[in-house]
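Read the structure below first, then the notes.
The values are calculated or read from the model by the stated rules, or taken from the named source; none is laboratory data. Nothing here was measured: the structure is a model prediction, and the numbers come from that model. Cβ placement follows ideal geometry from the backbone for every residue including glycine, while neighbour counts extend to all protein chains displayed.
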Amino acid sequence: MKKHIFIFFLLYSAVLMAQNTNLSSSETIELFKKYEEKSEYFNTKRELDSMKTYLEKLDALLPKIQDSSYYYRTDLIRGSVLTRSTKSDEAMKVLLKAAEFFKLQNDNTNYYRARYKIGICYYYASRRADAQRLMMEVYKNRQYISEDLSTGALANYGAADIENGMQTRNDSLFLNAIRIFEKTIKINKKNKNYTKVASNFSLLAEGYNQLEKRKIALQYLDSAIVYAQKSKSLAQKGFALIKKGHILTKNKQYKKAEVILNEAIKTYDMASDSPSLLYAYLEKKILYTSKKDYKAASLMGDSIFGLAVQNYDKRFAEGISEMEVKYKTAEKEREILEQRAKLAEKELALKEREYQIYGALGLALLFCILGYLFYNQQKLKNRQLVKETKLKDALKEIETQNKLQEQRLRISRDLHDNIGAQLSFIISSIDNLKYASKETSNEFKEKLSYISEFTSSTIDQLRDTIWAMNKDKISLTDLQSRTLAFIEKAKMAKQDVKFKFNNEVETEIEFTAIEGMNLFRVMQETINNSLKYADADLIAVDFSEINNQLVISLKDDGVGFEKETIQLGNGLYNMQKRMDEINADIDINSKLSEGTKITVKLHI
């Protein structure tokens with residue numbers, strides 16, 4: 001009886017699966033088009049999470065559509081998701097393959113749609129010339145695509161003109177970009193695409209800003225803010241606010257600039273857009289530096305660095321989430337294999353029943369024996385299938401762990417290549433500005449030098465962070481080597497100061513990435529304080545091991561200070577906070593005219 005109930009359950013499950021598989025083709029295709037349209041809508045809005053959600057829905061529909069072109073249409077969405085995720089190399093492979101397919105199929109609509117996305121990928125990879133070439137190719141073949149897509153291609157061409165003009169200082173490129181955006185604004189207004197209208201107005205304003213027509217630029221930025229609010233696009237509103245704050249800072253309208261930048265920070269905070277929030281903080285630091293509020297600028301620098309680390313952690317967490325999704329996919333595949341095994345048992349049971357009904361009475365016993373033997377053979381095959389499934393699961397788990405490590409390294413490279421390259425470009429641009437005109441005042445050059453030195457310092461902090469995050473463990477030798485490298489840089493900056501380095505630790509000690517980074521930052525801060533304020537002739541760094549504790553001592557023979565008569569500054573407070581985070585003790589001793597000694601103790 002139980003066996004018959006089990007067979008009925010398997011048969012009922014098979015019927016349900018068949019119904020889902022044989023879903024109406026027209027309904028499935030209509031649903032596919034709806035999801036595809038939603039994906040492109042969120043691509044315009046730059047909402048990556050929503051794009052990923054609809055990409056998963058498209059992938060789920062593919063097995064129900066017997067047309068390979070829908071597979072490559074899904075790959076167009078996949079390419080956009082990879083591009084937005086700064087995985088330009090992977091995106092390019094997917095998009096080029098899709099473009100080749102549509103070219104062979106003479107599907108010009110999707111072919112030039114693919115070419116447009118390849119151009120965007122080139123743009124993200126900072127290959128502006130290739131991006132402009134493809135955007136113009138798409139625009140010239142606009143009879144095959146929607147007006148919205150052709151207008152977007154033209155606008156992207158204009159955006160590249162502005163960037164190229166900023167690098168070469170070619171006013172003709174700015175004028176050409178202005179003509180383009182005036183044209184795209186009219187088209188997008190007609191189509192009520194207010195998100196793109198806001199973007200076009202912001203870029204149009206940047207063209208006039210580069211031509212030193214700031215009053216006109218501010219008017220267009222106000223228009224950009226109005227249309228961004230109309231389309232409820234926080235990203236476009238924040239971008240226009242930052243540009244407006246930048247121009248107001250240049251005009252020395254510092255109060256207005258600060259109000260505008262605070263609103264931009266609030267907007268990006270609401271949008272949970274950490275990279276753009278970092279951009280807003282950088283612009284606010286420039287504001288404080290311009291009005292000579294160096295203390296506020298320094299505090300803003302700490303906020304910028306903290307946000308950069310948070311952004312890095314977030315990207316790393318997203319990489320891990322991606323690996324977890326792949327792992328869950330492997331689990332689903334395993335469940336499918338188990339269902340196939342159950343279906344095989346169901347087929348065997350149905351055959352047995354068929355033999356019993358239609359078999360002759362004389363051959364019934366023989367058929368039952370043969371069925372039983374066949375059943376056992378099938379069970380053996382099923383057991384073998386289950387073993388193979390478990391083996392595949394184990395291999396996929398190993399592969400997932402390897403990909404987690406690759407993801408971590410890729411994010412570190414992205415952080416180094418993207419943010420590091422951008423900061424280096426800022427330094428180069430500042431140096432070019434400093435020597436661009438002989439009439440530039442010394443005060444302006446000093447401001448530029450301060451910004452350049454701060455950016456160089458930020459690059460060094462970024463490299464130190466990448467050094468720590470790329471390691472699961474940091475050895476004492478690694479920490480000492482990093483410290484010695486920093487001391488060598490300090491010697492070049494202060495050649496009249498001598499350094500003494502001593503190591504008496506024989507135990508092999510390893511730290512976590514956070515412990516190693518915090519210890520290094522405390523030593524770095526201590527040496528910097530001695531160089532800046534102590535007027536020391538000798539700085540001694542000593543590593544020792546006492547009672548199962550690593551003891552790091554940093555001592556100078558400078559002017560010293562009285563702890564009772566001063567308040568702890570940001571530097572000393574941050575040192576204490578860092579040591580609290582890793583359960584280490586820090587002791588600060590200083591006397592006037594006798595120097596300062598800072599001792600750190602960490603339990604091994």
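Is it the case that some residue within region 99-112 is surrounded by fewer than 16 Cβ atoms within 10 Å (Cβ to Cβ) and β-branched (Val, Ile, Thr)?
For region 99-112, residues surrounded by fewer than 16 Cβ atoms within 10 Å (Cβ to Cβ) and β-branched (Val, Ile, Thr): present.
Only one residue in 171, 161, 148, 130 is charged (D, E, K, R), buried (at least 23 other Cβ atoms within 10 Å of the Cβ) and either out of contact with any helix residue (DSSP H, G or I) (no Cβ under 6 Å at 6 or more places or on another chain) or free of Cβ contacts under 8 Å to residues at least 40 places away in the same chain (or both), so which one is that?
Exactly one of 171, 161, 148, 130 is charged (D, E, K, R), buried (at least 23 other Cβ atoms within 10 Å of the Cβ) and either out of contact with any helix residue (DSSP H, G or I) (no Cβ under 6 Å at 6 or more places or on another chain) or free of Cβ contacts under 8 Å to residues at least 40 places away in the same chain (or both), namely 161.
When residues of region 230-260 are filtered for being within 28 Å of the chain's Cα centre (by Cα), of a type in the set (D, E, K, R) and more than 17 Å from residue 199 (Cα to Cα), how many remain?
Residues that pass the stated criteria total 1.
Evaluate the following for residue 516: is it of a type in the set (Gly, Ala, Ser) and more than 24 Å from residue 493 (Cα to Cα)?
yes
Looking for whichever is out of contact with any Cys (no Cβ under 9 Å at 6 or more places or on another chain), among the polar types (S, T, N, Q), assigned to a helix (DSSP H, G or I) and touching a residue at least 60 places away in the same chain (Cβ under 8 Å) here; the options are 28, 109, 44. Which one fits?
The match here is 44.
When you scan region 512-521, do you find a residue that is surrounded by fewer than 16 Cβ atoms within 10 Å (Cβ to Cβ), β-branched (Val, Ile, Thr) and over 14 Å from residue 597 (Cα atoms), even just one?
Yes, some residue in region 512-521 is surrounded by fewer than 16 Cβ atoms within 10 Å (Cβ to Cβ), β-branched (Val, Ile, Thr) and over 14 Å from residue 597 (Cα atoms).
Give just the number: which of (1) part of a strand (DSSP E or B); (2) closer than 18 Å to residue 475 by Cβ does residue 517 not satisfy?
The single condition residue 517 does not satisfy is (1).
So, residue 151, is that one in a helix (DSSP H, G or I) and out of contact with any Phe, Trp or Tyr (no Cβ under 9 Å at 6 or more places or on another chain) or not?
no
Filter region 362-398 down to the residues that are among the β-branched types (Val, Ile, Thr) and either outside any helix (DSSP H, G or I) or free of Cβ contacts under 8 Å to residues at least 12 places away in the same chain (or both) and list them by number.
369, 398
Which pairs turn up if I take residues in region 586-602 that are in the same structural domain as residue 523 (by TED's automatic domain parsing) and look for partners that are of a type in the set (Gly, Ala, Ser) and part of a strand (DSSP E or B) with beta carbon separation below 6 Å, at least 6 apart in sequence or on another chain?
So the pair list comes out as 596/590; 599/553.
With the requirement that a residue be outside any loop (DSSP other than H, G, I, E, B) and either of a type in the set (S, T, N, Q) or touching a Ser or Thr at 6+ places or on another chain (Cβ under 8 Å) (or both), what does region 85-94 give you?
Answer for region 85-94, where residues must be outside any loop (DSSP other than H, G, I, E, B) and either of a type in the set (S, T, N, Q) or touching a Ser or Thr at 6+ places or on another chain (Cβ under 8 Å) (or both): 88, 91.
Can you tell me which residues in region 345-365 are within 26 Å of residue 383 (Cβ to Cβ) and of a type in the set (A, V, I, L, M)?
Scanning region 345-365 gives 348, 349, 350.
Yes or no: residue 270 farther than 23 Å from residue 171 by Cα and either touching a Lys or Arg at 6+ places or on another chain (Cβ under 9 Å) or among the polar types (S, T, N, Q) (or both)?
no
What are the residues in region 197-213 that are of a type in the set (Lys, Arg) and at pLDDT below 90, if any?
none
Quick one: count up the residues across region 267-289 that are at pLDDT 85 or above and either closer than 30 Å to residue 189 by Cβ or among the hydroxyl-bearing types (Ser, Thr, Tyr) (or both).
Total meeting the criteria: 1.
Answer yes or no as to whether residue 115 is farther than 20 Å from residue 200 by Cα, among the basic types (Lys, Arg) and either touching a residue at least 12 places away in the same chain (Cβ under 8 Å) or crowded, with 16+ Cβ neighbours inside 10 Å (or both).
Answer is yes for this residue.
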